[in-house]
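Let me begin by presenting the structure, written as structure tokens, before commenting on it.
The values are calculated or read from the model by the stated rules, or taken from the named source; none is laboratory data. Because the structure is a prediction, the values reported are computed rather than measured. All Cβ positions, even for glycine, are placed from backbone atoms using ideal geometry, and neighbour counts span all protein chains on display. Areas reflect the complete protein model, heavy atoms only, side chains present, ligands, DNA and RNA absent. Shrake-Rupley method; radii C 1.70, N 1.55, O 1.52, S 1.80 Å.
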Amino acid sequence: MNIHIFDSQEKLNQAGAGIIIGTVQTKQRAILGLATGSTPTGIYEEVVREYNRGLVSFRKTTTFNLDEYVGLPVGHPESYLVYMQQHLFNFIDIPAEQIHIPDGSLEDTLAECKRYDELLADAGQIDLQLLGIGHNGHIGFNEPDHALLRETHAVTLREETRQANAIYFDSMDEVPAQAITMGMGAILKAKTILLVVRGAEKAEIIHKALTGPITTAIPASLLQTHPSLVVLMDSEAGRLFQT
Ligand code: F6R
């Protein structure tokens with residue numbers, strides 16, 4: 001495990017973007033696993049900046065997003081597809097057919113999960129999986145539980161997850177109760193995992209996840225078993241690692 005703690009968001013963003021761009025530049029047909037939420041936005045901004053400088057092309061890159069809400073219509077401003085378009089996809093040269101995000105607007109979520117796993121299986125292995133961590137230790141929307149699932153699946157979001165995401169919606173009632181998430185299998189199978197953590201409120205959970213027992217009660221703790229894990233943290237999130 002490779003842990004880096006940064007004293008500024010700018011340096012963290014540059015490091016994160018550098019790892020993504022490096023993967024795309026060195027791998028002929030790179031497969032990226034992507035995350036949404038507040039954590040990666042600065043990294044995507046930096047990727048777009050470097051793209052605009054002509055340093056990288058995504059024409060041969062394929063992406064798989066971790067998750068999507070269930071029940072939001074296509075084009076809903078808080079859907080993760082729209083998030084990705086607004087933060088990354090609209091500004092780079094990736095062909096639309098190489099972008100994959102579970103479709104949470106379909107009636108048959110089970111069939112959609114199966115379709116997503118087939119696409120992942122066809123792709124083989126994600127080269128670089130970008131992850132954030134939830135306050136409760138979730139990765140993707142693999143919420144703490146007695147057991148974690150390997151496959152893509154529909155999940156009922158924990159109350160604390162809905163509350164954390166309520167800032168993006170007009171009211172708590174509008175926050176979807178369910179999401180489709182990539183399972184632990186595809187995440188842990190990725191060649192390299194890039195876990196990004198920001199803010200004082202994540203200090204305890206990231207410390208527990210990376211130094212405590214490996215347990216399904218903290219899904220991110222399973223990352224300890226990964227042979228190529230890079231963790232980028234700001235100094236607030238990394239507070240307990242610096243003593
Ligand atoms: C998002 C995702 C989630 C977030 C996590 C942290 O696609 O899979 O696991 O990474 O909830 O969210 P933020 O970054 O908003 O604190």
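With the requirement that a residue be near the ligand (Cβ under 8 Å from one of its atoms) and either of a type in the set (D, E, K, R) or closer than 12 Å to Ile206 by Cβ (or both), what does the stretch 127-142 give you?
Result: Leu131, Gly132, Ile133, Gly134, His135, Ile139.
Sort through Leu128, Leu188, Leu110 and tell me the only one that's in contact with a strand residue (DSSP E or B) (Cβ under 6 Å, 6 or more places away or on another chain) and in contact (Cβ under 8 Å) with a residue 24 or more places away in the chain. Steps first, answer last, please.
Details: Leu188 fails: in contact with a strand residue (DSSP E or B) (Cβ under 6 Å, 6 or more places away or on another chain); Leu110 fails: in contact with a strand residue (DSSP E or B) (Cβ under 6 Å, 6 or more places away or on another chain).
It is Leu128.
Please determine, by comparing only the residues of the stretch 102-126 that are part of a loop (DSSP other than H, G, I, E, B) and within 16 Å of the ligand (Cβ to nearest atom), which one is most open to solvent (accessible area, probe 1.4 Å).
As a first pass, look at the stretch 102-126 and keep what is part of a loop (DSSP other than H, G, I, E, B): 102-108, 124-126.
This time we only want the ones that are within 16 Å of the ligand (Cβ to nearest atom), so: 102-104, 126.
On the way: Pro102: 4, Asp103: 47, Gly104: 4, Ile126: 10 Å².
By that ranking, first place goes to Asp103.
Against the definition (within 16 Å of the chain's Cα centre (by Cα), modelled with pLDDT of 95 or more and either among the hydrophobic types (A, V, I, L, M, F, W, C) or in a helix (DSSP H, G or I) (or both)), how does Ala179 come out, yes or no?
Working: within 16 Å of the chain's Cα centre (by Cα): yes; modelled with pLDDT of 95 or more: yes; either among the hydrophobic types (A, V, I, L, M, F, W, C) or in a helix (DSSP H, G or I) (or both): yes.
Yes, satisfied.
Out of contact with any helix residue (DSSP H, G or I) (no Cβ under 7 Å at 6 or more places or on another chain), open to solvent by less than 10 Å² (accessible area, probe 1.4 Å) and of a type in the set (Gly, Ala, Ser), is that true of Ala35? Reasoning before the result, please.
On the way: out of contact with any helix residue (DSSP H, G or I) (no Cβ under 7 Å at 6 or more places or on another chain): yes; open to solvent by less than 10 Å² (accessible area, probe 1.4 Å): yes; of a type in the set (Gly, Ala, Ser): yes.
Answer is yes for this residue.
Every residue, every condition in (1) open to solvent by 60 Å² or more (accessible area, probe 1.4 Å); (2) within 25 Å of Leu157 (Cα to Cα); (3) within 16 Å of the ligand (Cβ to nearest atom), yes or no:
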residue	(1), (2), (3)
Asn65	no, yes, yes
Val70	no, yes, yes
Leu81	no, yes, yes
Gln86	yes, yes, yes
Glu97	yes, no, no
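For every residue, the table says whether it meets (1) touching a residue at least 60 places away in the same chain (Cβ under 8 Å); (2) open to solvent by less than 10 Å² (accessible area, probe 1.4 Å); (3) touching a Gly at 6+ places or on another chain (Cβ under 8 Å).
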| site | (1), (2), (3) |
| --- | --- |
| Asn136 | yes, no, no |
| His146 | yes, no, no |
| Leu149 | no, no, yes |
| Val155 | no, no, no |
| Arg158 | no, no, no |
| Arg162 | no, no, no |
| Tyr168 | yes, no, no |
| Met172 | no, no, no |
| Val175 | no, yes, no |
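Which residue pairs have Cβ atoms closer than 7 Å, lie 6 or more positions apart in sequence or on different chains, and pair a first residue in the stretch 38-54 that is assigned to a helix (DSSP H, G or I) with a second residue that is open to solvent by less than 80 Å² (accessible area, probe 1.4 Å) and within 11 Å of the ligand (Cβ to nearest atom)?
Ile43/Val196
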